[in-house]
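The values are calculated or read from the model by the stated rules, or taken from the named source; none is laboratory data. Bear in mind the structure is a predicted one, so any value in this text is a computation, not a measurement. All Cβ positions, glycine included, derive from the backbone under ideal geometry; neighbour counts span all protein chains shown. Heavy atoms of the whole protein, side chains included, go into the accessibility calculation; ligands, DNA and RNA do not. Shrake-Rupley method; radii C 1.70, N 1.55, O 1.52, S 1.80 Å.
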Amino acid sequence: MILHVRHLTAACALCAALTACGTAPAPPAPQATRRPTLAAPARPPALAPVVEHGSRTRGRTVALTFDADMTAGQGARAAAGERFDNPRLIATLRRLAVPATVFMTGRWAEEYPAQARSIGGHPLFEVANHSYSHHAFTDDCYGLPSLPRKRMRTDVERAFTAFREAGVRDVVPYFRFPGGCHDRGTLRALAQTGVTVVHWDVVSGDAFATDADAVARQVLDEVRPGSVVVMHCTRSAAPVTERAVRKIVPTLRKRGYRFVKVSELIGAAARR
C-alpha cells in the first residue's frame with residue numbers, strides 16, 4: 001500500500017526476466033539483452049511516496065526491519081565504550097534464516113564499517129537509509145535535535161555516500177525518518193532524492209525495553225499479513241531485541257507467516 005500522508009506518529013525498482021523463443025529454422029545471431037527497468041517519471045513527484053505495509057491479501061508475509069541508530073554527535077560515547085551495534089542480533093537472524101531490512105544511519109556505517117559491509121553483503125539482508133545524522137525532520141520528535149528544511153535532502157544523500165565509502169552493498173532506495181516523524185513539508189523536501197519512505201504498522205516497543213517477552217507479545221498481537229515491524233539494532237538502546245526475535249520468529253512461522261525483505265513486500269504490493 002503506497003500513500004501520501006500528512007503525519008504518521010509512531011523504500012525499490014521492480015525486476016522481471018525477459019525470455020524469447022525463436023521458431024525460424026535459421027534464427028539470427030543472438031544479441032545481448034538488457035535488464036528491464038521502470039521508466040523514469042516525466043517529472044519528480046511532488047511528495048516522496050510512503051509505505052506503511054504490504055498487501056494484506058497476497059499471503060502471510062511479514063517484514064522485520066531494524067533501525068541501526070547512531071546520531072552524528074554520539075562518537076564520544078562510542079569511543080567511551082557504548083555499543084550502538086548488535087552483532088548477536090544479526091547472527092541470530094542469520095542462524096534462523098530470517099530476511100530483514102536494516103535501516104542504517106550514515107554515522108553508524110562510519111562507526112562500524114566492517115559490520116555494515118557484512119550486513120549489506122549477506123543475501124538475507126538489505127541496507128536502507130535512516131538519514132546520516134539521526135536528527136529529526138520535524139520539530140518535537142522524541143527530543144531529537146531537528147534538521148533545518150534546507151539540509152534534509154543533503155543529510156539523506158550524505159548517508160548514501162557513507163554507505164558507498166564503507167563498501168556497503170545491496171543498498172535499496174528506501175528511507176525511514178528518525179523517530180518516524182514527518183509531514184508533507186518533509187516529504188516534499190525529499191521528493192527529488194528518489195527514495196520511497198518506509199514507515200511501519202507494527203511497533204515492537206523494543207526501544208529501551210527490558211522485558212523480551214513483552215516485546216515479543218506486542219509484535220505477535222499486532223502482526224497482520226503484509227506487516228512492517230519496526231525494531232532496533234542497537235545494544236545500548238534496545239538490549240532485549242535479540243531475545244525477543246528468538247521468540248517471535250518460530251511463533252510466526254507456526255502461524256504460517258513467511259519473512260521477507262521490504263523490497264519483496266513492496267514489489268508484491270506493486271504487482272496487485
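Computed quantities for the displayed model
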item: Using a Förster distance of 25 Å, the FRET efficiency for Ala79-Tyr142 (Cβ separation, nearest 0.05); result: 0.55
item: Computed label-point distance, nm, for sites Ala97 and Asp213 using a 7 Å Cα→Cβ extension; result: 3.0 nm
item: Sites matching chymotrypsin sites (Phe, Trp or Tyr not before Pro) across segment 175-247 that sit in DSSP coil, with at most 10 neighbouring C-beta atoms within 10 Å; result: none
item: For segment 43-149, accessible area per residue (1.4 Å probe, heavy atoms of protein chains only), Å²; result: 40 Å²
item: Inter-label distance, nm, simple model (7 Å from Cα along the C-beta direction), Arg151/Thr251; result: 4.1 nm
item: Spin-label model distance (nm) - Thr57 vs Ala191, 7 Å beyond Cα toward Cβ; result: 3.1 nm
item: Cα coordinate range in segment 139-272, projected on the principal axes (Å, largest first); result: 46, 38, 33
